[in-house]
Amino acid sequence: MWRFLYQLAVPKNFYYQTQSILTALGFGALLFLLVGIGLGLFWAPPDYQQGDAFRIIYVHVPAAFLSLTLYTAMGFLAVLLLIWRIKLAGLMLTVVAQLGASMAFLALVTGSIWGKPMWGTWWIWDARLTSELILFLLYLAILATECAFEDPLKAEKVIAILTLVGLIDLPIIHYSVYWWNTLHQGATLSLFAKPKIASVMFYPLLVTLIGFSLFCVWVVLHQTRTALLLRERRQRWVLELVSGEKG
């Protein structure tokens with residue numbers, strides 16, 4: 001496993017080995033998103049308490065889940081960079097951070113839209129909402145750090161350290177609804193517990209979550225490949241690739 005990861009960490013290997021799965025990931029993401037959101041909007045019945053307003057979960061829950069998952073992935077990349085000095089991991093840190101910031105922002109916006117009819121307000125300094133906002137600000141701080149250094153390698157090391165420090169926010173987000181009295185409901189999905197919503201609502205949500213996840217993997221791979229070509233533009237394999245495409 002580790003041998004495969006080390007081979008994949010070589011820029012040339014990463015570029016060519018990920019090329020074959022990009023199309024499959026793109027089509028898979030599109031299919032799952034269309035099916036999941038379609039079922040959630042038109043097949044799932046209205047909630048007995050929230051009515052049709054509950055349907056925003058098919059965007060809000062995947063966005064919130066992936067905002068945490070992507071930051072967890074950044075923690076893993078930070079360890080690869082700082083301990084094993086895998087430069088590709090440093091390059092991927094900012095790529096994942098850009099996508100994670102988008103997901104955190106989407107979770108906050110959809111949460112506010114959902115909260116208005118449910119709680120009577122667009123925003124409240126609830127423990128879950130506040131900790132998610134902190135995560136969004138962490139993403140922005142990481143992206144700002146990238147712009148603060150002229151040397152990208154130095155910036156990546158600082159970003160890796162900042163990422164590891166920010167990991168403390170993830171358990172706070174997850175357990176906030178259990179540690180404090182909050183307006184936000186408990187977890188809708190859990191690995192070790194039965195779903196808290198009816199199956200007719202749960203399965204479209206699961207399909208949509210898979211679609212969002214595939215989309216995020218596709219974006220990360222696509223953006224990393226593009227950034228990799230820019231950074232390695234003077235390397236022989238990139239020059240050969242460019243000359244081959246022109247030919």
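The values are calculated or read from the model by the stated rules, or taken from the named source; none is laboratory data. As the structure is a prediction and not an experimental result, all values here were calculated from the model. Counting neighbours? That spans all protein chains shown, and the Cβs are built from the backbone with ideal geometry, glycine included.
Things to note:
- Condition check for LEU30: surrounded by fewer than 19 Cβ atoms within 10 Å (Cβ to Cβ) and at pLDDT 95 or above: yes
Each row is one residue, and each column tells you yes or no for (1) in contact (Cβ under 8 Å) with a residue 40 or more places away in the chain; (2) over 30 Å from ILE37 (Cβ atoms).
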| site | (1), (2) |
| --- | --- |
| ALA63 | yes, no |
| ALA78 | yes, yes |
| LEU82 | yes, yes |
| LYS87 | yes, yes |
| GLY90 | yes, yes |
| ALA97 | yes, no |
| SER102 | no, no |
| PHE105 | no, no |
| VAL109 | no, no |
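- Only residues that are without any contact (Cβ under 8 Å) to a residue 12 or more places away in the chain and not aliphatic (A, V, I, L, M) were counted in segment 20-37, giving 3.
- Total residues in segment 112-133 satisfying the condition of being touching a His at 6+ places or on another chain (Cβ under 7 Å) and touching a residue at least 60 places away in the same chain (Cβ under 8 Å): the figure is 1.
- Hey, ILE56 touching a residue at least 60 places away in the same chain (Cβ under 8 Å) and in a helix (DSSP H, G or I) or not: no
- If you check LEU135, LEU41, LEU80, LEU129 for being at pLDDT below 95, assigned to a helix (DSSP H, G or I) and closer than 27 Å to PHE149 by Cα, only one passes: LEU80.
- Residue match in segment 119-126 (condition: assigned to a helix (DSSP H, G or I) and either at pLDDT 95 or above or surrounded by fewer than 17 Cβ atoms within 10 Å (Cβ to Cβ) (or both)): yes
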